[in-house]
Amino acid sequence: MFVVDDDASVREAVETLLRSVGLRVELFASAQAFLASDKPDAPACLVLDVRMPGLGGLDCQRQLTARGLPIPVIFMTGHGDIPMSVHAMKAGAIDFLTKPFRDQDLLDAVSQALELDRARRRADTASSILRQRFETLTAREQEVMGWVVSGRLNKQIAGEMGTSEITVKVHRGQMMRKMGADSVADLVRMGSHLGLPPR
């Protein structure tokens, strides 16, 4: 959990609230200090003030996106306006809370943000495993997978590849085993996730 606000009293109040529900919290007085810090490889979210001296909250959010750091953001502000909140939400913010906000509203937003970050991390891990499996396939097995997920039968694949149906069956069996696919439907889902181009 990260809290960025130039007002020390707000930082401390938010820290006390978040620690009361067992969360670890790191505090920053500026967006620049937060961006320069090391980020642990763990589910996290950022509670971020909109208006601060130097780099503001919306600019900080843009920099996170540009750096490929998809940390869920919860904005808080003492003087937000509707266009600002719309802009923040369109850029992927989880919530936009106007100070003073209810403790429960912040806790609910933090809970949602952390769950979203956990889900993203699980998906990234699954995607990485899938990509690693795909890279263990030979060039021929990758080609066969492309044809299978496009809906071709073994006989059609053999014709496309200029080989025998038996050879295609061997490549297909090896490919299914290496990918850990139990069915063609399973393989199609994997192909879609890997972004295999349609043939």
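Of note:
So that you can scan it fast, the table gives a plain yes or no per residue for (1) at pLDDT below 90; (2) among the charged types (D, E, K, R); (3) surrounded by fewer than 21 Cβ atoms within 10 Å (Cβ to Cβ); (4) in contact with a Cys (Cβ under 7 Å, 6 or more places away or on another chain):
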| site | (1), (2), (3), (4) |
| --- | --- |
| Ser37 | no, no, yes, no |
| Met52 | no, no, yes, no |
| Gly57 | no, no, no, no |
| His79 | yes, no, yes, no |
| Pro83 | yes, no, yes, no |
| Val86 | yes, no, yes, no |
| Ala91 | yes, no, yes, no |
| Asp95 | no, yes, no, no |
| Lys99 | yes, yes, yes, no |
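- When region 179-197 is filtered for residues that are in contact (Cβ under 8 Å) with a residue 40 or more places away in the chain and exposed (fewer than 13 other Cβ atoms within 10 Å of the Cβ), the ones remaining, listed by number, are Gly180, Ser192, Pro197.
- Residue count for region 3-27, restricted to those that are under 22 Å from Gln112 (Cβ atoms) and either touching a helix residue (DSSP H, G or I) at 6+ places or on another chain (Cβ under 6 Å) or in a helix (DSSP H, G or I) (or both): 15
- Scope region 87-107; condition in a helix (DSSP H, G or I) and not basic (Lys, Arg); matching residues: His87, Ala88, Met89, Asp103, Gln104, Asp105, Leu106, Leu107
- Residue in region 133-144 that is surrounded by 14 or more Cβ atoms within 10 Å (Cβ to Cβ), acidic (Asp, Glu) and either within 18 Å of Val50 (Cα to Cα) or without any contact (Cβ under 8 Å) to a residue 40 or more places away in the chain (or both) present: yes
Rundown of residues vs (1) more than 17 Å from Pro197 (Cα to Cα); (2) touching a helix residue (DSSP H, G or I) at 6+ places or on another chain (Cβ under 6 Å), yes/no style:
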| site | (1), (2) |
| --- | --- |
| Thr136 | yes, yes |
| Arg140 | no, yes |
| Val144 | no, yes |
| Gly151 | no, no |
| Ile157 | no, yes |
| Met161 | no, no |
| Arg172 | yes, yes |
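- Among the residues making up region 4-31, a single one is among the polar types (S, T, N, Q) and crowded, with 17+ Cβ neighbours inside 10 Å: Ser30.
- Arg51 meets the stated requirement of being part of a loop (DSSP other than H, G, I, E, B), under 23 Å from Asp105 (Cα atoms) and either not hydroxyl-bearing (Ser, Thr, Tyr) or not assigned by TED's automatic domain parsing to the domain that holds Ala109 (or both).
The values are calculated or read from the model by the stated rules, or taken from the named source; none is laboratory data. Keep in mind it's a predicted model, so treat the numbers as computed, not measured. When we count neighbours, we look across all protein chains shown, and the Cβ atoms used for this are built from the backbone with ideal geometry, even at glycine.
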